[in-house]
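The values are calculated or read from the model by the stated rules, or taken from the named source; none is laboratory data. No experiment lies behind these values; they were computed from the predicted model shown. Cβ atoms come from the backbone with ideal geometry, glycine included; neighbour counts cover every protein chain shown. Side chains included, ligands, DNA and RNA excluded: accessible areas come from the protein's heavy atoms. Shrake-Rupley method; radii C 1.70, N 1.55, O 1.52, S 1.80 Å.
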Amino acid sequence: MGIENIVENDGIGIAVVGMVIVFVTLTLISVFIALLPRLLQFLSFVLPPEPPPQRAARHPAPQEEELIAAIGYVLHQRELGASQSE
Amino acid sequence: MEILEQFLRTTGYANLTFGNVVMIVIGITFIMLAIRKHYEPLLLVPIGMGIVVGNIPPVAGMALSVYDEGSVLRYIYFGVESGVFPPLIFLGIGAMTDFSTMLSNPRLVLLGAAAQVGVFLTLLGAMYLNFTPREAGAIGIIGGADGPTAIFLSAKLAPELLGAIAIAAYSYMALVPVIQPPIMKLLTSDQERKIRMRPPREVSKRERMIFPVAAFLICTLLAPGALVLIGMLFFGNLLKESGVTERLAQSARTVMIDVVTILLGFSVGASTQAQTFLQPQSLQIFGLGAVAFGIATAGGVLFAKLMNLFLREKINPLVGAAGVSAVPDSARVVQMVGLEADPDNHLLMQAMAPNVAGVLGSAVAAGILWSVLTT
């Protein structure tokens with residue numbers, strides 16, 4: 001009964017063709033991705049040079065500045081306390 | 001007095017069936033799981049509440065449920081049954097997806113393809129259980145582990161099963177951390193689980209910009225049925241990677257996807273009325289869904305082991321399980337199982353490659369099934 005339904009509706013054919021198409025599609029994508037760096041290198045004489053990745057300027061975030069100030073205050077208090085006890 | 005009697009006869013209390021009560025309990029359970037256990041809360045809360053709303057008995061002559069012409073719920077449900085909402089969700093997914101892990105290790109894309117074996121073997125299993133080909137195709141896509149894709153395809157092929165398929169798909173996606181690890185451990189040795197992989201290389205901005213357009217052309221020229229889902233996915237990704245439409249990308253991956261998720265989840269839940277959902281075939285769909293996830297996981301892992309027979313630089317076969325496109329949960333599961341074997345072996349970034357490839361694979365599979373089973 002179940003097998004007949006699969007055979008009548010060409011279930012195996014649909015499954016096999018479907019898997020093949022999925023594999024072919026993703027294989028093509030995989031090959032394209034693998035070739036992409038070489039393709040870009042080949043086109044480098046046409047395309048403008050890519051700017052180097054900009055490292056973000058190290059400006060402390062506002063929260064960091066507050067944190068640094070708080071740590072500095074605590075250290076200062078400890079040093080004051082240490083010098084007074086001496 | 002007569003008016004009062006008439007009114008009492010039309011109340012939900014008078015018309016509540018045992019099936020409605022069961023469904024309301026299920027809806028409340030979903031809400032509790034989402035809130036207490038954090039199981040996919042963004043999906044289970046809307047779906048759970050929708051189930052509760054959808055199982056309040058309707059009143060004859062009043063347009064209240066998703067199936068009544070002119071009701072508010074029907075207008076919202078239009079986005080589901082017409083297949084509008086899933087592509088919009090894919091737009092948002094594309095705008096938040098980083099394909100650079102896939103671009104840095106293209107051979108892992110094949111693991112996303114291998115995991116789609118769950119879709120097609122489940123299709124055969126559904127046919128074996130005497131579902132029609134269209135119903136079997138809609139059930140099979142549960143194996144793609146992609147909620148929007150499952151809803152899209154079942155709206156096109158078998159709208160009468162949409163509620164059960166959507167609930168099954170999202171339930172199993174939430175259970176990925178439970179379903180996958182035993183299968184992964186069963187199919188891999190301790191030595192294989194400890195294989196270390198090279199960290200992903202840095203991918204240039206130009207590669208990330210070209211990829212969505214090129215991949216869209218490759219996919220849809222082969223499988224035109226995937227046009228809508230793949231098109232929106234890569235459109236969203238292009239918005240993100242182009243660098244000049246950050247505002248649109250930001251809207252797509254935040255406000256837009258959230259609004260659509262609310263409407264989709266709620267209306268799908270409301271469509272699961274007791275008389276349509278509590279049928280024997282719903283149990284069959286749930287059973288097939290579990291099988292689909294298991295086969296998809298096994299397919300990815302086993303294919304990775306097969307690839308290792310031919311590769312000098314081995315792939316950790318655990319990564320194959322991430323071909324199941326439950327992004328990023330299955331990648332996190334790979335990371336977790338990998339760390340159990342070797343606490344210094346972090347596989348998350350490598351696992352993201354087949355994870356996002358699995359999204360492509362399941363969308364392509366859906367497009368193929370839609371084309372083949374409609375024409």
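Tabulated data
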quantity	calculated
Mean Cβ count within 10 Å, highest first, over the residues of peptides B:305-314, B:358-367	B:358-367, B:305-314
Kirkwood Rh, angstrom, segment B:299-375 [1 / mean 1/r, Cα pairs]	13.2
Cα gyration tensor category, rounded, prolate or oblate, for the protein assembly as shown with a/c compared to 1.5	oblate
Simple Cβ-charge dipole of segment B:173-293, Lys/Arg +1 and Asp/Glu -1, about Cα centre, in debye nearest 20	460
Residue-averaged beta-carbon neighbours from other chains (10 angstrom radius) around B:360-368	4
Residue (of B:Gln284, A:Thr27, B:Leu153) at the positive-pole extreme of the protein assembly as shown, dipole from beta-carbon charges	A:Thr27
Selection from B:Met23, B:Leu229, B:Phe131, by position along the positive dipole direction of chain B (Cβ)	B:Leu229
Accessible area in square angstrom per residue, the protein assembly as shown, 1.4 angstrom probe	49
Rh by Kirkwood over Cα pairs, then Stokes-Einstein D for segment B:137-262 at 0.890 mPa s and 25 °C, µm²/s	139
Peptide ranges B:165-175, A:11-21 listed from the most packed, as the mean C-beta count within 10 angstrom indicates	B:165-175, A:11-21
Inter-label distance, nm, simple model (7 Å from Cα along the C-beta direction), A:Glu64/B:Leu42	2.8
Whole-Hz couplings from phi, Karplus 6.51/-1.76/1.60, listed for segment A:74-82; x for Gly and Pro	5, 4, 4, 4, 5, 5, 4, x, 5
3J(HN,Hα) from dihedral phi, segment B:220-229, Karplus parametrisation 6.51/-1.76/1.60, rounded to Hz, x for glycine, proline	7, 6, 8, 10, x, x, 8, 3, 5, 5
Kirkwood Rh, Cα atoms: Rg over Rh of chain B	1.01
Rounded to whole Hz, the Karplus (6.51, -1.76, 1.60) HN-Hα couplings of segment B:281-287, x for glycine and proline	5, 5, 5, 4, 5, 5, x
For B:116-123, mean number of other protein chain Cβ atoms within 10 Å	4
Accessible surface buried upon A-B contact (total; probe 1.4 Å; Å², nearest 100)	3100
Simple label model, 7 Å out from Cα along Cβ direction - B:Lys205 to B:Ile3, nm	7.1
Whole-number percent relative contact order across chain B, with pairs defined as alpha carbons under 8 Å at least 6 apart	30
Total charge dipole magnitude, the protein assembly as shown, about the Cα centre, Cβ charges on Lys, Arg, Asp, Glu only, Debye to nearest 20	1080
Pairs of lysine residues in chain B - Cα separation under 18 Å, sequence separation of 8 or more or cross-chain	7
